[in-house]
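The block underneath contains the structure these notes are about, expressed in structure tokens.
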2 protein chains.
Amino acid sequence: MGRREEYLADLERRARLPAGFSSATTSIEFVPAERPAGSPYTMNLALVTADGPDVVTVGRTTRNRVVGAPVVITRRNLAGGTALIVNNRISNVAAPGGMDDAETICRTVAAELSIGERNVLPASTGIIGWRLPVREMCAALPDLVRKRANGSALPVAQAIMTTDNYPKLASRTVCGGTVMGVAKGAGMIEPNLATMLVFLFTDLRVPRGRLDEFAEEAIATSFNRISVDGDQSTSDMVIVMSSGVIEPPSGSDEQIAWALSEVMGELAEHVVRNGEGTRHVIRCSVCGAPNAELAYLVGKGVVNSPLVKTAIFGNDPNVGRIVMAVGDALSGDRAMAIGAGAIHPKVLSVAVADRIVYEGGVFHLDAATEAVLSDALEAAMMDEKCRGYPGNDATVDIRIDLGGGTHRTEILGSDLSYGYVHENADYRT
Amino acid sequence: MGRREEYLADLERRARLPAGFSSATTSIEFVPAERPAGSPYTMNLALVTADGPDVVTVGRTTRNRVVGAPVVITRRNLAGGTALIVNNRISNVAAPGGMDDAETICRTVAAELSIGERNVLPASTGIIGWRLPVREMCAALPDLVRKRANGSALPVAQAIMTTDNYPKLASRTVCGGTVMGVAKGAGMIEPNLATMLVFLFTDLRVPRGRLDEFAEEAIATSFNRISVDGDQSTSDMVIVMSSGVIEPPSGSDEQIAWALSEVMGELAEHVVRNGEGTRHVIRCSVCGAPNAELAYLVGKGVVNSPLVKTAIFGNDPNVGRIVMAVGDALSGDRAMAIGAGAIHPKVLSVAVADRIVYEGGVFHLDAATEAVLSDALEAAMMDEKCRGYPGNDATVDIRIDLGGGTHRTEILGSDLSYGYVHENADYRT
């Protein structure tokens, strides 16, 4: 069995939908109105329905000021959402007639399921600006509704992929029930497609207010702590649905919250690791900050610095760039407003792969250290040839101590490679 | 005559130092303490002295919280500065003993010139964290001081280069005198080396307060309006020196300010255009903003978006990403605090190469538009093979109208190419 098959077999073992959910997927072919001359495109459709008696749905959507029609509708329908209809290939963002198109799809799904139009949550991922092939999509919906079942969610994880290298699925059993989730978003390539889509399902009954709280916390320490290229998409969404089939024992809150965090954390790391472009995952932990926001700004500054990212891609332990990025992050207006002025370069310390490289205002570098760091970077490099499975589970660890407080955070990012440029220079062909 | 020779001949015609200045350059070889095993490195030294009776020097240095020893000393010595000593190859940032090293060099220059140690402004560019070869540098200084002359500044522009593809020099004659400048900083590759160095020289007498004001204005509309990869270096500096030899006619202020702006603007555009990585220069103008800062945030957001940059590199008119980047820039905390909330996606418009591609909340795209835009991108692409001269003087023009006010700005940026990753993945070898 190859590594791809092993990975899929492993996912399959954890892929069963929680009780009270069913799903189906299909593919259609279409010719985009915007490129009428070319060969047909393929689009996947995935449908997940919560069939329980007491469904609770919560979620978060992108903060980008320009959003796709599906985001507008999903925001409006969120509280009553019992069905998810997802397509890849076209994101339906600012396309002429985009709202009407999305509404037509919701109406058709609702009619086939005999539910209200307002119970349908649409999500689209792919090219911005193009129109959905509504006719072809609607024609496929009756069959999609008919064939859904409470089986494996792996086909859903696969259907929502665009340039994702491998499907992303995670689950935890907790309090007699299950929390499972699928995600779409291909590391550095993700915002490319302008979408990170994350769907979590649980059969555990959780009151709306509490589910919303758990989701908020879990997102804050997972998807809000990854950074690929600093671009926030027009379609990002994280949806959490409870079918309410299983009543958890009282006092389970903490465990359910933990399971949500675990599932989101695992999916978030895969979003960074995924994608042809990513060769190293960077884990930047920042401690000693006077507040959480400053820790976050510094961590983001380091993992988003193109100079740090390219050096790591090249297995070049150019630690000067890390310190430059920290200094730059600390000099920003916002950073200065929240206490960066009190952080002195002399109290900063920076470690890479557990070796202190900067402390007391100077670098601690020599040929031996450089060799150790180069080796550590090389060891964390993913196999370029992995197709359909994650290249490894290693990270390049950067630890920054600001020496100015007790707050800390951890940010995951990716390097900047030829593969990223390649994927993104000509994405739409 | 090849294009490189034509370019150099053209610079040479404008390269004569203003009255009251003299310069000299030299090269040394050294073995870095941090890489004792390899072959020797070459370092250039450049010296410029203002020999006039009434020298006035003003300048600005990086806001990065971590700065090199030369920046610390130059800040301290700025007001009395009459001599500039510049080296490439090593930036002397956070190197052990870096302050002592820089002071030793200043002391040696001062002794040779018979001026005060506090009259010397040091500047270093290159690798962060390594030590300067002080012994070899000091040994070369007596000869450097001896051979300086009021001739061409082109050797200075060449000596301060690191991975710069071509020397950058600009000048204007104004009010009977000259404003000329040289710059170092290789487009996307520049912060790589962690340095943009800019030195302007004029023989016109300008009182300190006014020269400082002119410099502030000129920097604001030139170097503060370019963005390469969002990283601000530990060594950036812009120094303006007046030798005071020529008394300008009264009422010349506006013309002198104009000349400074012109020279800095020309140098700033070359900093973006320069460097192996850059294949397109992006000119993003933002109008209709409720204030200048919001225009700036949006423009920076667009030219810094890796997704916009890679698409432009690939000559792919993926205008969806531009709108995504605008929406993302408008959603930031700072943007929202200064009025972005009042900008509605429906009033936004975006034009690329003078063609409206987004207006009234929807894209205006069809196969014909795509073809026109692709052609425009291709036409603006620089020849990859240019070595020693700028590849062209074209720009990719993006025009964003926020429809919410009267403020405007213009930001220059560059695309993101394989060349950038290549240069930066293994810069130090």
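The values are calculated or read from the model by the stated rules, or taken from the named source; none is laboratory data. Keep in mind that this is a model prediction, so the values were computed, not measured. Every residue, glycine as well, gets a Cβ built from its backbone with ideal geometry; the counts of neighbours run over all protein chains shown.
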Scan region A:337-355 and report the pairs whose first residue is on the phi < 0 side of the Ramachandran plot and whose second residue is assigned to a loop (DSSP other than H, G, I, E, B) and charged (D, E, K, R), with Cβ atoms within less than 9 Å and a gap of 6+ or a chain change.
A:ALA340/B:ARG65; A:GLY341/B:ARG65; A:ILE343/B:ARG65; A:HIS344/B:ARG65; A:PRO345/B:ARG65; A:LEU348/B:ARG65
Is it the case, given these coordinates, that A:ILE343 is hydrophobic (A, V, I, L, M, F, W, C) and touching a Leu at 6+ places or on another chain (Cβ under 9 Å)?
yes
Picked from region B:313-329 (must be under 27 Å from the mean Cα position of the chain (by Cα) and touching a residue at least 40 places away in the same chain (Cβ under 8 Å)), the residue nearest to the other protein chains (Cβ to nearest Cβ) is B:PHE313
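Suppose we keep only residues that are within 14 Å of another protein chain (Cβ to nearest Cβ) and small (Gly, Ala, Ser) within region B:15-71. Which one would you say is farthest from the chain's Cα centre (by Cα)?
Taking region B:15-71 first, the residues within 14 Å of another protein chain (Cβ to nearest Cβ) are B:31-38, B:60-69, B:71.
Still in the running and small (Gly, Ala, Ser): B:33, B:37-38, B:68-69.
Working: B:ALA33: 30, B:ALA37: 34, B:GLY38: 31, B:GLY68: 17, B:ALA69: 20 Å.
The qualifying residue farthest from the chain's Cα centre (by Cα) is B:ALA37.
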Residue check, A:ILE128 at negative phi, within 14 Å of another protein chain (Cβ to nearest Cβ) and either buried (at least 22 other Cβ atoms within 10 Å of the Cβ) or out of contact with any strand residue (DSSP E or B) (no Cβ under 7 Å at 6 or more places or on another chain) (or both):
yes
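Can you confirm whether A:THR310 is within 22 Å of B:GLY419 (Cβ to Cβ), in contact with a Phe, Trp or Tyr (Cβ under 8 Å, 6 or more places away or on another chain), touching a residue at least 60 places away in the same chain (Cβ under 8 Å) and more than 12 Å from chain B (Cβ to nearest Cβ)? Let's see the steps before the verdict.
Working: within 22 Å of B:GLY419 (Cβ to Cβ): yes; in contact with a Phe, Trp or Tyr (Cβ under 8 Å, 6 or more places away or on another chain): yes; touching a residue at least 60 places away in the same chain (Cβ under 8 Å): yes; more than 12 Å from chain B (Cβ to nearest Cβ): no.
So A:THR310 does not fit the description; no.
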Reported set for region B:83-101 where residues are buried (at least 24 other Cβ atoms within 10 Å of the Cβ) and either in a loop (DSSP other than H, G, I, E, B) or among the small types (Gly, Ala, Ser) (or both) is B:ALA83, B:ASN88, B:SER91, B:ASN92, B:VAL93, B:ALA94, B:ALA95, B:GLY98
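Take A:GLU103 and tell me if it is farther than 28 Å from A:ALA215 by Cα and of a type in the set (Asp, Glu).
On the way: farther than 28 Å from A:ALA215 by Cα: no; of a type in the set (Asp, Glu): yes.
Spelling it out, it is not the case that A:GLU103 is farther than 28 Å from A:ALA215 by Cα and of a type in the set (Asp, Glu).
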Of all residues in region B:339-384, which are more than 8 Å from chain A (Cβ to nearest Cβ), of a type in the set (Val, Ile, Thr) and assigned to a loop (DSSP other than H, G, I, E, B)?
B:VAL347
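Run down A:GLU217, A:GLU269 and say which single residue is more than 14 Å from chain B (Cβ to nearest Cβ), at pLDDT below 95, surrounded by fewer than 24 Cβ atoms within 10 Å (Cβ to Cβ) and under 26 Å from A:SER305 (Cβ atoms). Show your work before the answer.
Working: A:GLU217 fails: under 26 Å from A:SER305 (Cβ atoms).
Of A:GLU217, A:GLU269, the one residue that is more than 14 Å from chain B (Cβ to nearest Cβ), at pLDDT below 95, surrounded by fewer than 24 Cβ atoms within 10 Å (Cβ to Cβ) and under 26 Å from A:SER305 (Cβ atoms) is A:GLU269.
If the requirement is being in contact with a helix residue (DSSP H, G or I) (Cβ under 9 Å, 6 or more places away or on another chain), free of Cβ contacts under 8 Å to residues at least 24 places away in the same chain and either more than 14 Å from A:ILE239 (Cα to Cα) or in the same structural domain as A:LEU11 (by TED's automatic domain parsing) (or both), which of these qualifies: A:ARG65, A:ARG75, A:ARG60? Don't jump to the end; show me each part of the working.
Working: A:ARG75 fails: in contact with a helix residue (DSSP H, G or I) (Cβ under 9 Å, 6 or more places away or on another chain); A:ARG60 fails: free of Cβ contacts under 8 Å to residues at least 24 places away in the same chain.
After applying the criteria, what remains is A:ARG65.
Yes/no matrix, rows are residues, columns are (1) under 27 Å from B:PRO122 (Cβ atoms); (2) modelled with pLDDT under 95; (3) of a type in the set (Val, Ile, Thr):
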site: B:GLY2; (1), (2), (3): no, yes, no
site: B:LEU17; (1), (2), (3): yes, no, no
site: B:PHE21; (1), (2), (3): yes, no, no
site: B:ALA24; (1), (2), (3): yes, no, no
site: B:SER27; (1), (2), (3): yes, no, no
site: B:ALA33; (1), (2), (3): yes, yes, no
